[in-house]
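Peer 1: Below is one structure. I have some questions about it.
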Amino acid sequence: MKNVGHKAGTLAIIQPSFVPWRGYFDIIRRSDVFVFYDDVQYEKNSWRNRNKIKTAAGWQWITVPVLTKGRLTQAICEARINDAEPWRKKVLGSISQAYSKAPFFEDYFPLVARSVADCGESLSDLCIGLTQEVCARLGIRTTFLRSSSLGIGTELRGADRVLAMCTALGAARYVSGPRARNYLGEGTDFEAAGVALEYMTYDYPEYPQLHGPFLPDMSILDLLFNCGDQAPRYIWDRPERP
């Protein structure tokens, strides 16, 4: 396996997602190098093209429509936005209606509006660009790569491909979400390759929200609009629990 010119130290690999939740950004911050896993198969109606916001009527989806007819095996990096639908107006309108009275709406909405208005036809470009914009606002300085740029064969699957990327990037530690335990296991293969495998534990406190009782697992937008530059207090700068 060739080395691709980066020394990762701590590495994480996750598929691009549309304005993902705070745990996604926590993993990014814990990583020296973060790889957007963009050359795996696109899954219709997943976190890749939609996420949750909180409204006066409860949570609802905000969705970027994607062309899927005749494209069932397309990779995420190949997925194209369906601009025949007026999705930009609908997404930005839903966000504005839900959060216009939030204390930090005016600070962060222009970032979202600009990214949505200026994006081209690539879903992954939209998701990755917006994620990087949010990271910059949160003070995250992780190095970003795309799996499609690494030259690691897509014939590898599951844990084999993840481990191949760890090896190619010289990672000493790999950080993963807990659901990946189903296919990564307890890390025996990683240990043999000199890579420490660590699973995230998501245990985040509630934060001030609009619209009634707290709802967890909303898009990062919910946290940003409600808490502004105090958002890290509810992700990684929170006090230790007794």
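Peer 1: Could you look through segment 92-107, keep only residues that are touching a helix residue (DSSP H, G or I) at 6+ places or on another chain (Cβ under 6 Å) and under 15 Å from N51 (Cβ atoms), and pick out the one that is surrounded by the fewest Cβ atoms within 10 Å (Cβ to Cβ)?
Peer 2: Among residues in segment 92-107 that are touching a helix residue (DSSP H, G or I) at 6+ places or on another chain (Cβ under 6 Å) and under 15 Å from N51 (Cβ atoms), the one surrounded by the fewest Cβ atoms within 10 Å (Cβ to Cβ) is L92.
Peer 1: Then there is this: Please go through segment 69-92 and give me each residue that is more than 30 Å from F225 (Cα to Cα) and either at pLDDT below 95 or hydrophobic (A, V, I, L, M, F, W, C) (or both), ordered by number.
Peer 2: Result: K69, G70, R71, L72, T73, A75.
Peer 1: Determine which single condition Y37 fails, assuming it passes every other condition in (1) of a type in the set (F, W, Y); (2) within 28 Å of T167 (Cα to Cα); (3) surrounded by fewer than 16 Cβ atoms within 10 Å (Cβ to Cβ).
Peer 2: (3)
Peer 1: When the residues of segment 40-56 are narrowed to those that are over 21 Å from G153 (Cβ atoms) and touching a residue at least 60 places away in the same chain (Cβ under 8 Å), which ends up surrounded by the most Cβ atoms within 10 Å (Cβ to Cβ)?
Peer 2: Top of the filtered list is N49.
Peer 1: Further, regarding this structure: Please work out which residue is farthest from I81 (Cα to Cα), limiting yourself to segment 118-150 and to residues that are without any contact (Cβ under 8 Å) to a residue 40 or more places away in the chain and over 16 Å from the mean Cα position of the chain (by Cα).
Peer 2: Start the filter on segment 118-150 by keeping residues that are without any contact (Cβ under 8 Å) to a residue 40 or more places away in the chain, which leaves 118-120, 125, 129, 132-133, 136, 141, 149.
Restricting the remaining residues to those that are over 16 Å from the mean Cα position of the chain (by Cα) gives 118-120, 149.
Values: D118: 13, C119: 10, G120: 8, S149: 21 Å.
Selected residue: S149.
Peer 1: Give the residues of segment 120-146 that are hydrophobic (A, V, I, L, M, F, W, C), part of a helix (DSSP H, G or I) and either modelled with pLDDT under 95 or surrounded by fewer than 20 Cβ atoms within 10 Å (Cβ to Cβ) (or both), sorted by residue number. Lay out the reasoning, then the answer.
Peer 2: Filtering segment 120-146 down to residues hydrophobic (A, V, I, L, M, F, W, C) leaves 123, 126-128, 130, 134-136, 138, 140, 144-145.
Then keep just the ones that are part of a helix (DSSP H, G or I); that gives 123, 126-128, 130, 134-136.
Within segment 120-146, I128, C135, A136 meet the criteria.
Peer 1: With respect to E198, determine if the residue is touching a residue at least 12 places away in the same chain (Cβ under 8 Å) and acidic (D, E). Break it down into steps so the answer makes sense when it comes.
Peer 2: Values: touching a residue at least 12 places away in the same chain (Cβ under 8 Å): yes; acidic (D, E): yes.
Criteria met by E198.
Peer 1: So, of the residues in segment 79-91 that are among the aliphatic types (A, V, I, L, M) and under 20 Å from the mean Cα position of the chain (by Cα), which turns out to be surrounded by the most Cβ atoms within 10 Å (Cβ to Cβ)? Please lay out each step first, then the result.
Peer 2: Taking segment 79-91 and keeping what is among the aliphatic types (A, V, I, L, M), we get 79, 81, 84, 91.
Adding the requirement that they be under 20 Å from the mean Cα position of the chain (by Cα) leaves 79, 81, 91.
On the way: A79: 27, I81: 20, V91: 22.
So the residue we want is A79.
Peer 1: Continuing with the same structure: For residues that are out of contact with any helix residue (DSSP H, G or I) (no Cβ under 6 Å at 6 or more places or on another chain) and either in contact (Cβ under 8 Å) with a residue 40 or more places away in the chain or among the acidic types (D, E) (or both), scanning just segment 151-165, find the one that is surrounded by the fewest Cβ atoms within 10 Å (Cβ to Cβ).
Peer 2: E155
Peer 1: If you go through segment 166-179 one residue at a time, how many are surrounded by 18 or more Cβ atoms within 10 Å (Cβ to Cβ) and part of a loop (DSSP other than H, G, I, E, B)?
Peer 2: Selection size over segment 166-179: 1.
Peer 1: Among S124, S96, S115, S147, which is under 16 Å from L11 (Cβ atoms) and of a type in the set (G, A, S)? First the steps, then the outcome.
Peer 2: On the way: S124 fails: under 16 Å from L11 (Cβ atoms); S96 fails: under 16 Å from L11 (Cβ atoms); S115 fails: under 16 Å from L11 (Cβ atoms).
Result of the check over S124, S96, S115, S147: S147.
Peer 1: What about D38, is it among the acidic types (D, E), in contact with a helix residue (DSSP H, G or I) (Cβ under 9 Å, 6 or more places away or on another chain) and closer than 20 Å to S115 by Cα? Spell out how you get there, then give the answer.
Peer 2: Working: among the acidic types (D, E): yes; in contact with a helix residue (DSSP H, G or I) (Cβ under 9 Å, 6 or more places away or on another chain): yes; closer than 20 Å to S115 by Cα: yes.
Spelling it out, D38 is indeed among the acidic types (D, E), in contact with a helix residue (DSSP H, G or I) (Cβ under 9 Å, 6 or more places away or on another chain) and closer than 20 Å to S115 by Cα.
The values are calculated or read from the model by the stated rules, or taken from the named source; none is laboratory data. Not measured: the values here are computed from a predicted model. Virtual Cβ from ideal backbone geometry, glycine too; neighbours counted across all protein chains shown.
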